[in-house]
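Following: one structure in structure tokens, then a few remarks.
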Amino acid sequence: MNDPGTLQDSFGRVVNNLRISVTDRCNFRCRYCMPEEGVEWLGKNQLLTYEELARIAKVFSELGVTKIRLTGGEPLMRKDLHVFVRYLSGLTGIEDLALTTNGYFLAEQAQDLVRAGLKRINVSLDSLDPLRFNLVTRRNHFHRVWEGIEEAGRQGLGPVKLNAVLIRGVNDDEIPRFADLARSRPFVIRFIEFMPIGADDGWSPDRVVSSGEIIRRIEDHTGVRLVPVERHGFQPADRYRFEDGAGEVGFISSVSEPFCSHCNRVRVTADGRLRTCLFSLQETDLRALVRSGASDEEIKTAIRGAVARKEAGHMINQPGFVRPERTMSQIGG
Ligand code: SAM
Ligand code: SF4
């Protein structure tokens, strides 16, 4: 029998990592994530309140979750996020609390977030060129995001991780610039393979720049070998350092080398649906349970049941692959 404080799926994977989406709204329109227009936001009543989110987080912590990441949509658009961060940072059993953001509101919120107990941050940055940044995100906010990144470092959130989704023919020519940045400043650049999950994202296999190719292009540019620090671990990112000691880069190879067999995560969407895979076609409605007066035990039973049904893996590279109906921003990337 499973330990009552452990969530285990039918393949023996232990789930200890929860991503919570606090909002589906976003002030950017990254091409690979959501369309320019026509996105319908959840109504206020559909969103989980902070009290509801706190209860769900606590139940997960009692089930053995030790890592929480807040995401969205754009999580810093949710009012007073630092108050929720303070709650989570004091929650028994939570050892790792992190946030993924587009960085737009970071300069003004970094201090409050750090005071509330945030330790780690990932900022999405797909280009180091302001015009290109505008092309990808459909927003002319490069300088403001960069200021947010610098402020996060000054507030003690360093080394800031910068997430870059590379798309062939769009921004893959920036691989050398990203490599130079990783070697000259205390940032960890993480290259995320382009996945077929956004709305009208133009995804096709040939637009994915595989991690293997990026490694080769970085080594060609720098003339320095990349040495694995951690590969195929319990984190999706494979970490590499430069052989001469200057800098580190990471690779999330969801398409070319899926980490499904090691996946330890589940997600709760802003409207309280539990998803056991980014590409799940089924969800479990935790909001309905919470709002119908279910006990913690009943919520735990629903979570255990969903985790037991966790998919073996996504099917991106297989003929039967079906895209989830929700976009990445609606799921919580
Ligand atoms: N708005 C925040 C941000 O952009 O960091 C948090 C939410 S966003 C959905 C989380 C992450 O998902 C970002 O790093 C983004 O680059 C990534 N993402 C979104 N769509 C993607 C796609 N089609 N393929 C790969 N990564 C994607
Ligand atoms: Fe917004 Fe993040 Fe999606 Fe870009 S990737 S549109 S910033 S949710």
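Coordinate-derived values only; no laboratory data. Remember, predicted model here, so these are calculated numbers, not experimental data. For neighbour counting, all protein chains shown are included, and Cβ atoms are generated from backbone atoms with ideal geometry for every residue, glycine included.
Some points to look at:
- With the charge dipole of segment 202-333 set up from +1 on Lys and Arg Cβ and -1 on Asp and Glu Cβ about the Cα centre, the Cα lying farthest toward the positive end among the listed residues 224, 292, 302 is that of 292.
- Positive-end residue of 22, 282, 247, charge dipole of the chain with Cβ unit charges: 22
- Kirkwood hydrodynamic radius (C-alpha pairs) into Stokes-Einstein, segment 233-333, 10 °C and 1.306 mPa s, D in µm²/s: 101
- Across the chain, the convex hull enclosing all Cα atoms gives 129 Å³ per residue.
- Computed over segment 50-93, the Cα gyration tensor eigenvalues convert (square root of 5λ each) into semi-axes of 19, 11, 9 Å, ordered from largest to smallest.
- Percent of C-alpha pairs per 5 Å bin, segment 145-214, short to long: 3, 15, 23, 21, 15, 13, 8, 2
- Magnitude of the charge dipole for segment 60-156, about its Cα centre and with charges confined to Cβ atoms of Lys, Arg (+1) and Asp, Glu (-1), is about 120 debye.
- Prolate is the label for segment 87-237. Its Cα gyration tensor axes, ordered a ≥ b ≥ c, give a/c of at least 1.5 and a/b above b/c.
- For segment 284-333, the spread of Cα positions along the three principal axes, ordered from largest to smallest, is 41, 24, 16 Å.
- Helix-only arithmetic for the chain: the sum of -39500 (n - 2.57) across DSSP H runs with n ≥ 4, divided by the residue total, places the mean residue ellipticity at 222 nm at -8500 deg cm²/dmol.
- Counting neighbouring beta carbons within 10 Å and listing from fewest to most, the residues 218, 94 come out as 94, 218.
- Residue exposure sequence - 206, 285 - by fewest surrounding Cβ within 10 Å: 206, 285
- Footprinting exposure proxy for 61, 10, 89 (fewest neighbouring C-beta atoms within 10 Å first): 10, 89, 61
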